[in-house]
Amino acid sequence: MPAARDASTVAAEVDPVEWIRISGGPVPAGEWHPTQEVATLWWASTPLAVAGMPVTGLTLPQAAQLAYRLGARIPTSAEWEWMAAGAVRRFPWGNQVPGPGHANLRGLGPGRPTPVRSHAAGRTPDGVLDVGGNVWEWTTAPWRRDRIALLRGGSYNSLSQYAECAHANDVPPGIVSPGIGLRPVRDTAPTPATTGATE
């Protein structure tokens, strides 16, 4: 298992972030969260990347520190599910079973992370890319008391069902892996200094 990376060093290397505004709404109770209302948020259009490749090798606290340096935060698991599913989709792109154009998953990719914009057919209707497969994404679960973090989206080594919007994987927040990345979220609109904001 690789050593954890320093968030301050990574922040200086991160590719410009494109932010996509996604309207909020009610998230029904699921296996991983109670019923709640998700606010309108600004989402990174891809997992954070350096030279096009997803940033990995960060613990949840380090990922949160990196997101903070970008004026953002780690999403909650319920927020992530709303972004991915919109309350109706099985997979981020719809209900179609994943194919090679949708996601980098076990049997559909090279067995390692790929550039974050490689699977255009897998984008959500809002234009968010790489939500299913390639690298898991850190999320938090503030309603849980066991301090377990939740990974969402699946990775290059995951079976297709792990890319389903409702699936989560509970893990200790201190693990690092080449298959775990992060997609930050902002509560407010990016400023002009924040690169690539879109509406």
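Laboratory data are not the source of any read-out in this text; all were calculated from the coordinates shown. Please read these numbers as outputs of a predicted model, since none were measured by experiment. For neighbour counting, all protein chains shown are included, and Cβ atoms are generated from backbone atoms with ideal geometry for every residue, glycine included.
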Evaluate the relative contact order of segment 66-146 (contact order divided by residue number), counting alpha-carbon pairs under 8 angstrom at least 6 apart; express in whole percent. 32
Filtered GluC sites (Glu not before Pro), segment 26-132: DSSP coil and at most 16 other beta carbons within 10 Å: GLU31
For the chain, what is the charge dipole size about the Cα centre, in debye to the nearest 20, if Lys and Arg each add +1 at the Cβ and Asp and Glu each add -1 at the Cβ? 220
With an 8 Å cut-off on Cα pairs and a minimum separation of 6 or more residues, tell me the relative contact order of segment 14-199 in percent. 30
How much length, in nm to one decimal, is gained on full extension between LEU159 and VAL50, taken as 0.36 nm per residue of separation minus their Cα-Cα distance? 36.7 nm
By the C-alpha gyration tensor axes a ≥ b ≥ c (rounded if a/c is under 1.5, else prolate when a/b exceeds b/c, else oblate), the shape of segment 1-145 is oblate
So ASP170 and ALA12, fully extended at 0.36 nm per residue minus their Cα-Cα distance, gain in nm 53.9 nm
Only bridges whose two residues both fall in segment 14-199 count here: according to DSSP, what percent of them are antiparallel, nearest 5? 80
